[in-house]
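Below: the structure, in structure tokens.
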């Protein structure tokens, strides 16, 4: 006959096995990935990396959706051509479930033709879909000194891609801060550290439903 002391040991072992099994199950559950493919607007240009909206997104996911992680594959100065060239390897390395695509500003700031830019973005979208990743496309705006015709065509490029590919779409990444000059660094292009949470909230409103 087992003594009370023996029963306590058996009970303790059962509890230990239960927690080990629970921990193993959690560890075995694959973590899902949001990959951000962008330029300096997503690479926290002029700031510490942890101050950027992508790093803040990682913190938010850790608090609200612990099964998700963020990989920031953004490079300052990146064009759509550069992004399209390196995306296949990035896609293979990280196997994302969601791709936030934020490219095009550097093409426009250099006055590059928009047809190749659109083709490059389409290549990225096609590759993501082929890998069964959903795409959240973010549009950007350019200064008016490039002329209304070019600026309107640039804006329409993102809307066309979103419509033709059935993408989740944010028309303008910096919309919440665009009219506030104090929200930008002295270059008037890149958001300050204080503005990054506003950019995050803007993205989060569209991204969060995709996490379910």
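The values are calculated or read from the model by the stated rules, or taken from the named source; none is laboratory data. Nothing here was measured: the structure is a model prediction, and the numbers come from that model. Cβ atoms come from the backbone with ideal geometry, glycine included; neighbour counts cover every protein chain shown.
Take residue 114 and tell me if it is under 18 Å from residue 42 (Cβ atoms), in the same structural domain as residue 85 (by TED's automatic domain parsing) and at pLDDT 95 or above.
Numbers: under 18 Å from residue 42 (Cβ atoms): no; in the same structural domain as residue 85 (by TED's automatic domain parsing): yes; at pLDDT 95 or above: yes.
No.
Considering only residues in segment 158-206 that are within 14 Å of residue 45 (Cα to Cα) and assigned to a loop (DSSP other than H, G, I, E, B), the one that is nearest to the chain's Cα centre (by Cα) turns out to be 190.
State whether one or more residues within segment 73-82 are surrounded by fewer than 23 Cβ atoms within 10 Å (Cβ to Cβ), in contact with a helix residue (DSSP H, G or I) (Cβ under 8 Å, 6 or more places away or on another chain) and assigned to a helix (DSSP H, G or I). Yes, segment 73-82 contains a residue that is surrounded by fewer than 23 Cβ atoms within 10 Å (Cβ to Cβ), in contact with a helix residue (DSSP H, G or I) (Cβ under 8 Å, 6 or more places away or on another chain) and assigned to a helix (DSSP H, G or I). What are the residues in segment 161-186 that are exposed (fewer than 14 other Cβ atoms within 10 Å of the Cβ) and over 19 Å from residue 106 (Cα atoms), if any? Matches in segment 161-186: 163, 164, 166, 179, 180, 181, 182. In the set (1) modelled with pLDDT of 95 or more; (2) farther than 24 Å from residue 141 by Cβ; (3) touching a strand residue (DSSP E or B) at 6+ places or on another chain (Cβ under 6 Å), the condition left unmet by residue 72 is number (2). Would you confirm whether any residue within segment 189-209 is exposed (fewer than 13 other Cβ atoms within 10 Å of the Cβ), touching a helix residue (DSSP H, G or I) at 6+ places or on another chain (Cβ under 8 Å) and within 18 Å of residue 55 (Cβ to Cβ)? Yes, segment 189-209 contains a residue that is exposed (fewer than 13 other Cβ atoms within 10 Å of the Cβ), touching a helix residue (DSSP H, G or I) at 6+ places or on another chain (Cβ under 8 Å) and within 18 Å of residue 55 (Cβ to Cβ).
Taking segment 35-67, which residues are touching a helix residue (DSSP H, G or I) at 6+ places or on another chain (Cβ under 7 Å) and either surrounded by fewer than 19 Cβ atoms within 10 Å (Cβ to Cβ) or part of a helix (DSSP H, G or I) (or both)?
Step one: list which residues in segment 35-67 are touching a helix residue (DSSP H, G or I) at 6+ places or on another chain (Cβ under 7 Å), which gives 35-37, 39, 41-42, 44, 47, 49, 51-53, 55-57, 60, 65.
The answer is 47, 49, 51, 53, 55, 56, 57, 60, 65.
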